[in-house]
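Take a look at the structure set out below.
The values are calculated or read from the model by the stated rules, or taken from the named source; none is laboratory data. Computed from a predicted model, the values in this text were never measured in an experiment. Every residue, glycine among them, receives a Cβ derived from its backbone with ideal geometry; neighbour counts consider all protein chains shown. Heavy atoms of the whole protein, side chains included, go into the accessibility calculation; ligands, DNA and RNA do not. Shrake-Rupley method; radii C 1.70, N 1.55, O 1.52, S 1.80 Å.
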Amino acid sequence: MAHIAFDLSKLEPFVHDNELGEMQAMVTAADAELRQGTGAGSDFRDWLTLPKDYDKEEFARIKAAAKKIQSDSAVLVVIGIGGSYLGAKMAVDFLNDTFFNYLPADKRNAPQVFFAGNSVSADYVHDLINLIGDRDFSVNVISKSGTTTEPSIAFRIFKDMLVKKYGEAGAKERIYATTDKARGALKTEANAAGYESFIIPDGVGGRYSVLSAVGLLPIAASGANIDELMQGAADAQDAYTNPDLTKNEAYQYAALRNILYRKGYTTELLENYEPRLQYLAEWWKQLTGESEGKDQKGIYPSSANFSTDLHSLGQYIQEGQRTLMETVVMIDKPRTDVDVPTAKDDLDGLGYLQGKNMGFVNQKAFEGVVLAHTDGGVPNMSVHIPDTTPYTLGYLIYFFEVAIGISGYLNGINPFNQPGVEAYKTNMFALLGKPGFEKLGKELNARL
Ligand code: PA5
């Protein structure tokens, strides 16, 4: 039995009984494209077996580096963008205390983990430098190409800081480079300077890389157990191999969102009832959006955090344009619970909740919302996770990865490329005056 449970029971008014079964032939074909490598983008499927076939020597080095960072740094600055940061950010948030970075050091037993190089905001960098102050810190710079503008700028800045503080030799001991095994600017620099280096595997695209060194070093540095994380993913690898739709819930999810998409539900909201899961949706948005949004088609991935957003987006979801479907990630057993206190009087009218706990209220909010949104014309699917352990996260990561791989092939696109990401980069280089882009720069400036 799968460790997490996919609930499609609320789809009844939107998807007829026969429809899922009728997707079987397409799903079987998509499964063959993915597993046998006959589909487009087949060079980027190594994430399929990564939970078991990873470099064990590197894994041990990751754990050793995490320990060193914990022993000599109050802050770890993780520099990367897109697939080179979202998975780590998602996992660090998901697995740790909600206020991880704000806890006193002795309650954290790990450095604060901050992310940089995921925007070009000067204020962000300035404020982070200010926050680090004169405390000890290390940098994990993550970039496959080593030439992505945002992380490259951030790396220059934080490397300069390290060199000023610790000297060239000391800085070298505090820089961890996660990059291509042989090529690219960062690899060249890491080799020349002697930084401890970790590899972004060739057959694993950025958005599928969280279970490689890209995610694992920051996650381990935050104190989370990466053995359990990999074990959860490895067990999911076994659980989601059967192409039979009746036996594979990840494939059911892929097929159902495809059925709904063809009926005009073109936006999918990934929702949660736990603030720590906000970045799960950010990671998932890249996974789905970059995998599926091409050839002028694809589900638009969006998100909502409940119950917070029920007081903002809730109105639109309930009564706005009927193009939305929702997928809730629901934690069945929250890590902690807090009782609703008893009160002498009942001025706030909460007396009926006395003796109940917040987990109960959250659960009822979830149930009430699912029914209300379904009644309002929003198809609802749920993924129930038992807890927020590393094992469960590993399992959940794999569930979504395999589902989106299949989903892309069901929609007739290459789920593993991202040609559209280049357009803005080219324009930005041209407008910034990068050598080699002069002609385009003139054309663009004339249009501004
Ligand atoms: O998923 C992707 O491929 C992208 O989001 C990349 O991860 C992102 O553009 C960063 O690229 P790089 O790792 O080369 O700096």
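Taking 0.36 nm per residue of separation and subtracting the current Cα-Cα distance, fully stretching the chain between residue 32 and residue 296 would add 92.6 nm.
Taken along the Cα-to-beta-carbon direction at a fixed 7 Å, the label points for residue 323 and residue 375 span 2.7 nm. Annotation: extensible slack from residue 135 through residue 438 equals 104.8 nm (criterion: 0.36 nm per residue apart, minus Cα-Cα distance). Phi-derived couplings, Karplus 6.51 cos²θ - 1.76 cosθ + 1.60 at θ = phi - 60°, listed residue by residue for the stretch 91-108: 6, 4, 5, 4, 8, 10, 4, 3, 10, 2, 6, 8, 5, x, 3, 6, 8, 9 Hz, with x used for Gly and Pro.
Close amide H contacts of residue 268 (hydrogens built in the peptide plane, cut-off under 5 Å, sequence separation of 5 or more or a different chain): 300, 302, 325.
The number of Lys pairs in the stretch 319-448 with C-alpha atoms less than 20 Å apart, excluding pairs fewer than 8 positions apart on the same chain, is 8. When only the Cβ of Lys, Arg, Asp and Glu is charged (+1, +1, -1, -1), the dipole of the stretch 67-155 relative to its Cα centre reaches about 320 debye. Dipole check for the stretch 187-321: with +1 at the C-beta of Lys and Arg, -1 at the C-beta of Asp and Glu, and the Cα centre as origin, the magnitude is about 460 Debye. In whole angstrom, note down how far apart the Cα centers of the stretch 82-96 and the stretch 299-343 are. For the stretch 82-96 versus the stretch 299-343, the Cα centre distance is 21 Å.
Accessible area of the chain with a 1.4 Å probe: how many percent of it is carbon plus sulfur? Of the solvent-accessible surface of the chain, carbon and sulfur hold 54 percent. The residues of the chain present an accessible area of 45 Å² per residue when probed at 1.4 Å with all protein chains retained.
So what are the ³J(HN,Hα) numbers for the stretch 70-80, from phi and the Karplus equation (6.51, -1.76, 1.60; θ = phi - 60°), rounded to whole Hz, Gly and Pro as x? Values, residue by residue: 5, 7, 10, 9, 8, 9, 10, 9, 9, 10, x Hz. On the beta carbon distance between residue 350 and residue 101, with R0 = 35 Å, the FRET formula returns roughly 0.60. Considering only 110, 343, 355, the residue lying farthest towards the positive end of the dipole of the chain is 110, judged by Cα position with unit charges set on Cβ. Treating r as the C-beta distance of residue 309 and residue 425 and R0 as 30 Å, the FRET efficiency rounds to 0.40.
Treating r as the C-beta distance of residue 181 and residue 332 and R0 as 60 Å, the FRET efficiency rounds to 0.90.
Note on residue 24 and residue 64: the model spin-label points, each 7 Å out from Cα along the C-beta direction, lie 5.2 nm apart. Where only DSSP H runs of four or more residues are counted, the chain gives -15000 deg cm²/dmol as its mean residue ellipticity at 222 nm, each run worth -39500 (n - 2.57).
For the stretch 1-70 and the stretch 165-230, what is the separation of their Cα centres, given in Å? One Cα centre to the other: 24 Å.
Cα gyration tensor of the stretch 47-224, axes a ≥ b ≥ c as square roots of the eigenvalues: rounded (a/c below 1.5), prolate (a/b > b/c) or oblate? In terms of gyration-tensor shape, rounded.
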